[in-house]
Amino acid sequence: LKELTDKNRIREIVPEAATQKVTAWDLGMSDSTAIWVAEIISGEVRVMDFYEASGESLDHYIKWLDEKGYRDYTHIMPHDVNVRELQTGKSRYQFLTEAGLDIEVAPKSSVEDGIQAVRATLPSTWFRKTNTVNKGLECLRNYRREFNEKLNNFKTTPLHDWSSHGADAFRYLCIGIDRSGNSHHTDWNKPIDDTYKQQYM
């Protein structure tokens, strides 16, 4: 991130029509949901917006997409979007697709593999300063491993704190796309079938 700042990669960016447009979400159940918005073209990832809220229903985030003009983007979700809620009997995948959103489920991977995907993606990433600096980039800067005082070393798992949801959503962004601008799931409009679940989930 320091290198991105030094290279003026955190700056004002004008949205462009001829780009692939995606969002990437970390879905909170009882805590925060975080969403990154990006445009992708010619190997560049242009991060245009960030949003996070807590204690809100999915309708709240759909309304935010509508207000910002992001509804028609492709929305990358973590694999747990398919978990059914006991109260409704529906998964969040079903709810969001029935609301008209184009959902893409990110390939399931370990946290460490996701972190490596972020590290590989950041050198080709630009951040729109106006919309991402205040909270989104601070999440990435503060995402860290927890220190074990007794053993005097860092734990293998990241610390879960206020920065986790934004950082996890960015991780899903990086594993849900490749830097050529293509999705890992080539047919974005096709429902998730058993073959896809076996391959990625």
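The values are calculated or read from the model by the stated rules, or taken from the named source; none is laboratory data. Predicted model, so just to flag it, every value in this text is computed and none were measured. Here Cβ is always computed from backbone atoms with ideal geometry, including for glycine, and neighbour counts include all displayed protein chains. SASA here: full protein model, heavy atoms, side chains in, ligands and nucleic acids out. Shrake-Rupley method; radii C 1.70, N 1.55, O 1.52, S 1.80 Å.
Hey, what do the phi angles of the stretch 49-59 turn into as Karplus ³J(HN,Hα) couplings, whole Hz, using 6.51/-1.76/1.60 and θ = phi - 60°, x for Gly and Pro?
Coupling constants for the stretch 49-59: 7, 8, 9, 8, 8, 10, x, 10, 7, 4, 4 Hz.
Counting Lys and Arg as +1 and Asp and Glu as -1, what is the net charge of the other residues whose Cβ lies under 12 Å from the Cβ of THR23?
Working: positive: LYS21, LYS68, ARG71; negative: ASP26, GLU39, ASP49, ASP72, ASP102, GLU104.
Taking every other residue near THR23 into account, the sum is -3.
Can you pick out the pairs among LYS90/LYS129; LYS7/LYS63; LYS63/LYS135; LYS108/LYS129 whose Cα atoms lie more than 28 Å from each other? Present the calculation step by step, with values, prior to reporting the outcome.
Numbers: LYS90/LYS129 38 Å; LYS7/LYS63 35 Å; LYS63/LYS135 20 Å; LYS108/LYS129 30 Å.
The answer is LYS90/LYS129; LYS7/LYS63; LYS108/LYS129.
By accessible area of protein heavy atoms, probe 1.4 Å, what ranking do ARG11, ARG128 get, highest first? Write out the running numbers ahead of the final one.
Working: ARG11 100, ARG128 55 Å².
Putting ARG11, ARG128 in descending order of accessible area: ARG11, ARG128.
At 7 Å along the Cα-to-beta-carbon direction for both SER124 and TRP64, put a label point, then send me their distance in nm to one decimal.
Placing both labels 7 Å along Cα→Cβ, they lie 2.8 nm apart.
Mind checking which of VAL22, LEU4, VAL37 is farthest towards the positive end of the stretch 1-65's charge dipole, using Cβ charges of +1 (Lys, Arg) and -1 (Asp, Glu) about the Cα centre?
So the residue we want is LEU4.
What FRET efficiency comes out for the pair LYS135/SER110, r = Cβ-Cβ distance, R0 = 35 Å, nearest 0.05?
Numbers: r = 26 Å, r/R0 = 0.74.
Plugging the Cβ-Cβ distance into 1/(1 + (r/R0)^6) gives 0.85.
Of GLU52, GLU104, which has the most accessible area with a 1.4 Å probe, and how do the rest follow in descending order?
Sorted descending by solvent-accessible area, the residues read GLU52, GLU104.
Kindly write out, for the stretch 127-134 in residue order, the coupling ³J(HN,Hα) from the Karplus curve 6.51 cos²θ - 1.76 cosθ + 1.60 (θ = phi - 60°), rounded to whole Hz, with x marking Gly and Pro.
10, 6, 4, 4, 9, 10, 6, 4
Would you mind calculating the gained length between ASN82 and ARG11 on full extension (0.36 nm times residue separation, minus the Cα-Cα distance), in nm to one decimal? Let's see the in-between values first.
Details: separation 71, 0.36 × 71 = 25.56 nm, distance 3.61 nm.
Answer, rounded to one decimal: 21.9 nm.
Amide H of SER163: which non-local residues (sequence gap of 5 or more, or other chain) have their own amide H closer than 5 Å, using H built in the peptide plane?
Amide H neighbours of SER163, under 5 Å, 5+ apart: none.
Probe radius 1.4 Å, ligands and nucleic acids left out: which of THR5, THR33 has the largest accessible area, and how do the rest follow? Intermediate values should be presented prior to the final figure.
On the way: THR5 75, THR33 5 Å².
In descending accessible area the options line up as THR5, THR33.
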